[in-house]
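Input: one structure, supplied below.
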Amino acid sequence: MPMMTAHDLPETIPIFPLPGALLLPRARLPLHIFEPRYLAMLDDALKTPHRLIGMVQSREVPGSSEKRLHAIGCAGRVTQFSETEDGRYMITLAGMSRFRIKQEVTGFTPYRRVDVSWDGFAADLGPTEVDHSFDRARFLDLLGRYFDAMSLSTDWDSMKEAEDELLINSLSMLCPFPPEEKQALLEAPSLSTRRETLVTLIEFSLRGGGPEEQMQ
């Protein structure tokens, strides 16, 4: 895949508002597409040179049943897709860059589109980040207790060998945190702050919440 620069990124992108689904730059997110409006979105995205789809969390509005979009999301490039016999798609998004929503675009597409700004997220298109203050042994000990408490399993050998960014971002995407906490992980300005946020969320979960509370 050719490297993208900020100049390659479009001003308007389609969005897939899927609660709890977190995409981060340089990470990969598998998705199952089956609703007609999102099948149309995928078809249209594949016709563009950038093949970008924006992942955005929605948020509750206090005192209302309305849900609004968070201001910051992450765009991913469709890098793999396969069609099932009944017309659904399995796709993979490769995280490219975070964005800030400027406004929603009204138009004739069945899916939602937004005008976005890529300003402030230049590092997302750069090289892999390194967390220089990362205490991996201590982190993996905490993670082991969390996985035991949540009845989760993983390949610990791969965890020990993974690069800092791959490890921290993969866990941020995979751990069963509520959408607002996923949003905090997305908005972390650096890998080290994301790791600090992740540790805080894991410690909070170990102190108070079991899987039932965590998933509400």
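Taken together, the values in this text are just the output of simple stated rules run on the coordinates, not laboratory data. Source: prediction; values computed, not measured. All Cβ positions, even for glycine, are placed from backbone atoms using ideal geometry, and neighbour counts span all protein chains on display.
Taking Cα pairs under 8 Å and at least six residues apart, what relative contact order does the chain come out at, in percent? Working shown, then result.
Values: 343 pairs, mean separation 47.1, N = 216.
Relative contact order for the chain comes out at 22 percent.
How far is helix 36-46 tilted off the main Cα axis of the chain, in degrees rounded to 10, range 0 to 90?
Value to nearest ten degrees: 80.
Only bridges with both residues in the chain count here: give the DSSP antiparallel percent, nearest 5. Intermediate values should be presented prior to the final figure.
Values: 32 of 35 bridges.
Around 90 percent of the beta bridges assigned by DSSP in the chain are antiparallel ones.
Give me the distance between the Cα centres of the stretch 12-47 and the stretch 67-130, rounded to whole Å.
Measuring centre to centre over Cα atoms gives 7 Å.
On C-alpha positions alone, give me the angle between the axis of helix 164-174 and the longest principal axis of the chain, in degrees, nearest 10.
70 degrees
Using the 10 angstrom Cβ neighbour count as an exposure proxy, how do Met150, Met96, Met41 rank, fewest first?
Numbers: Met150 18, Met96 25, Met41 21.
So the ranking, lowest neighbour count to highest, is Met150, Met41, Met96.
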